[in-house]
1. Looking at region 193-209, which of the residues that are crowded, with 18+ Cβ neighbours inside 10 Å and within 10 Å of the ligand (Cβ to nearest atom) is farthest from residue 181 (Cα to Cα)?
2. Report the residue count in region 1-12 for those that are within 16 Å of the ligand (Cβ to nearest atom) and closer than 15 Å to residue 71 by Cβ.
3. Among the residues of region 503-513, is any assigned to a loop (DSSP other than H, G, I, E, B), modelled with pLDDT of 95 or more and either over 23 Å from residue 305 (Cα atoms) or in the same structural domain as residue 356 (by TED's automatic domain parsing) (or both)?
4. Checking residue 333 against (1) more than 20 Å from the chain's Cα centre (by Cα); (2) crowded, with 22+ Cβ neighbours inside 10 Å, only one condition comes out false. Which one?
5. Provide a single number: the residues in region 283-338 that are away from the ligand (no atom under 16 Å from the Cβ) and under 19 Å from residue 215 (Cα atoms).
6. Pick out the one residue from 358, 353 that is out of contact with any helix residue (DSSP H, G or I) (no Cβ under 6 Å at 6 or more places or on another chain), more than 11 Å from the ligand (Cβ to nearest atom) and in the same structural domain as residue 514 (by TED's automatic domain parsing).
7. Just wondering, is there one or more residues in region 307-329 that are under 14 Å from the mean Cα position of the chain (by Cα) and closer than 29 Å to residue 519 by Cα?
8. Would you be able to say whether some residue in region 176-185 is in a loop (DSSP other than H, G, I, E, B), out of contact with any strand residue (DSSP E or B) (no Cβ under 7 Å at 6 or more places or on another chain) and buried (at least 21 other Cβ atoms within 10 Å of the Cβ)?
Ligand code: COA
């Protein structure tokens, strides 16, 4: 079938459904929800068999839903309605939640039900639930609904199904619903309030006389202080006392500041928090840690949003070198639960005095880390992708000997969407080596997301398993331990050294790096400011004014000619 996606943005869920439905043999074209006229034009150009709305913030125009069957993905259980479905589910501590696929009609979220899928809730941020449980449930529900639609089935009326259901119409959640009373709320309540607003919109609060939005909270069991008082700092985070303990707050946003986007808390409140006691090591807010078991070292780096700043790359490189110095046989690079890595830290770059200089510093810091991984000749190295990876993050993973991915992970192994960025992380060595020159060229030009099946066929991923993050980690630990025990390591390392030496003789890594950085220097310092404009738009979340033709097939001249013939 020809399926048109109407979406507010090509976000992770939209990308995942794009990959899954294409995998089922459907043709997908995407149009961003810019305004009703543009949507109607897209439908007229594409004449789809079906419309799917994976992520919409506005209603579908009447002229469209009257003419076409439009499936809307709602991140709530049957009967749930309203724009803050997941926020309420997290705040209210729901034990089970779900996704419903409805047919669009005149009332938001009130159409007939095509499919639904429930899941147990986890203690996590709203964004994390969305990227994991909601995404998996939405895939199951949408695939089921599309299959039913193709088979000529009809949906069931919401009134028929919602009779005994828990779902109900809930209003937009406001800051007053999330507000923290530091003198009354306990740690668990505060943690829940911040998590239900993380990644968007954050919880409004006042600190040092400034109105700030809070994100990235973690409980602190040991430290104590006056409720509401900021009592310590650790890396990028500050620690604030509650009535029964304390919470770490990793990220803040000050909408009135010169840089009104999310930044690490101690970066935004540098002066105010300079005199606080610094909690280092295991006790504070950790964004890098190491574990060891059965001859395997596991390096975790759950950086917020997968963004890796210069200093984070340097610390991770140091931690990696230390891991390599241990008497283990295998090192597993675990990344974080939501993202493995999304490359350099665009917010920190945007906030730097010289974004060009900071981009340069950041890309060199990632390259230094990548180099250590590529040059490791003492261990089998594995990148274990529980969550998605984008841009430089994909190639950083490919530096390892093996890339293992959770089934359902989405990769974006390209840079050009960020203002024609050339890219670094030795991608020009790694990508053709695994995928071949022709595929490497196609991937960089196409700028499309890919699932694990395609990534495996291109050698970007070696193996995919474990549908859930938990299952994936358990299986990773089992497989890594058995490799550490059973693998003929001496033979493996000999082969690895020989291959690296042959590659080095053919073209030294330094040459790849120099060539990539020559292009990057032009991106950062040259006359063409596209990268700086694209980064600004990304960090400031400037809405897109048109859908890129890479995903809007119906707007491509070649596609329209093909269909006209
Ligand atoms: N630096 C800083 N923040 C980043 C980031 C980066 N490299 N990559 C993602 N983020 C942030 C987003 O701003 C967003 O922030 P929010 O919590 O305030 O909403 C959050 O991570 C999630 O990103 P989003 O784009 O909504 O997620 P997605 O899963 O739908 O898309 C990507 C993932 C990777 C396709 C997309 O985030 C992207 O293009 N990132 C930039 C990659 C890049 O160009 N890196 C630099 C070159 S190495």
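1. If we take residues in region 193-209 being crowded, with 18+ Cβ neighbours inside 10 Å and within 10 Å of the ligand (Cβ to nearest atom), then 199 is farthest from residue 181 (Cα to Cα).
2. Number of matching residues: 2.
3. yes
4. Of (1) more than 20 Å from the chain's Cα centre (by Cα); (2) crowded, with 22+ Cβ neighbours inside 10 Å, only one is false for residue 333: (1).
5. Total satisfying the criteria: 4.
6. 353
7. Taking every residue of region 307-329 in turn, at least one turns out to be under 14 Å from the mean Cα position of the chain (by Cα) and closer than 29 Å to residue 519 by Cα.
8. no
The values are calculated or read from the model by the stated rules, or taken from the named source; none is laboratory data. Predicted model, so just to flag it, every value in this text is computed and none were measured. FYI the Cβ positions are ideal-geometry reconstructions off the backbone, even for glycines, and counts take in every protein chain you see.
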